[in-house]
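Worksheet: one structure, shown below.
The values are calculated or read from the model by the stated rules, or taken from the named source; none is laboratory data. Here the structure is a predicted model, which means the values were calculated and not measured. All Cβ positions, glycine included, derive from the backbone under ideal geometry; neighbour counts span all protein chains shown.
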Amino acid sequence: MQEDDARPLEAESVLAFPTAFPIKIIGRREGGFTTAVIGIVLRHAPDFAPASLESRPSRKGKYISLTATVNATSREQLDALYQELCDHPTVVMVL
């Protein structure tokens, strides 16, 4: 066994930070959903401009998709943001 084979493999990021990174959040169209998403995004990306948030309702109006483009500075930042969004009770999916 060669010495190189003993080292654990580390996942390399295909992203070069910092970068503009769009995140799509789909959730139930309930009061406070958009405000909650903006609050979560701002906790992880304080320079996010809420006015830049794109919104699109589903065909039947039960769901809404929001696209927030953040200035991502690290993989850890994105992982924490995705996790908090996924943990929110009205969020159905995060892409």
For region 59-72, enumerate the residues that are surrounded by 12 or more Cβ atoms within 10 Å (Cβ to Cβ) and either modelled with pLDDT under 95 or among the aromatic types (Phe, Trp, Tyr) (or both).
-> TYR63
Go through region 73-91 residue by residue and tally those that are over 10 Å from the mean Cα position of the chain (by Cα) and surrounded by 13 or more Cβ atoms within 10 Å (Cβ to Cβ).
-> 4
Out of (1) at pLDDT below 95; (2) surrounded by 13 or more Cβ atoms within 10 Å (Cβ to Cβ); (3) over 11 Å from VAL91 (Cα atoms), the one GLY32 does not meet is (2)
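Would you check which residues across region 38-88 are aromatic (Phe, Trp, Tyr) and free of Cβ contacts under 8 Å to residues at least 24 places away in the same chain and list them? Write out each step before concluding.
At the first step, the residues of region 38-88 found to be aromatic (Phe, Trp, Tyr) are 48, 63, 82.
Correct list: PHE48 only.
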Tell me which residues, restricted to region 23-37, are out of contact with any Leu (no Cβ under 9 Å at 6 or more places or on another chain) and either in contact (Cβ under 8 Å) with a residue 60 or more places away in the chain or outside any helix (DSSP H, G or I) (or both).
-> ARG28, ARG29, GLU30, GLY31, GLY32
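What tally of residues in region 34-55 results from selecting those that are in contact with a strand residue (DSSP E or B) (Cβ under 6 Å, 6 or more places away or on another chain) and over 17 Å from LEU85 (Cβ atoms)? Break it down stepwise before answering.
Filtering region 34-55 down to residues in contact with a strand residue (DSSP E or B) (Cβ under 6 Å, 6 or more places away or on another chain) leaves 37, 41, 45, 47-48, 53-55.
The next check asks that each one be over 17 Å from LEU85 (Cβ atoms); those that pass are 47.
Adding up the residues that qualify gives 1.
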Odd one out for LEU42, checked against (1) of a type in the set (A, V, I, L, M, F, W, C); (2) surrounded by fewer than 17 Cβ atoms within 10 Å (Cβ to Cβ); (3) more than 12 Å from the chain's Cα centre (by Cα) = (3)
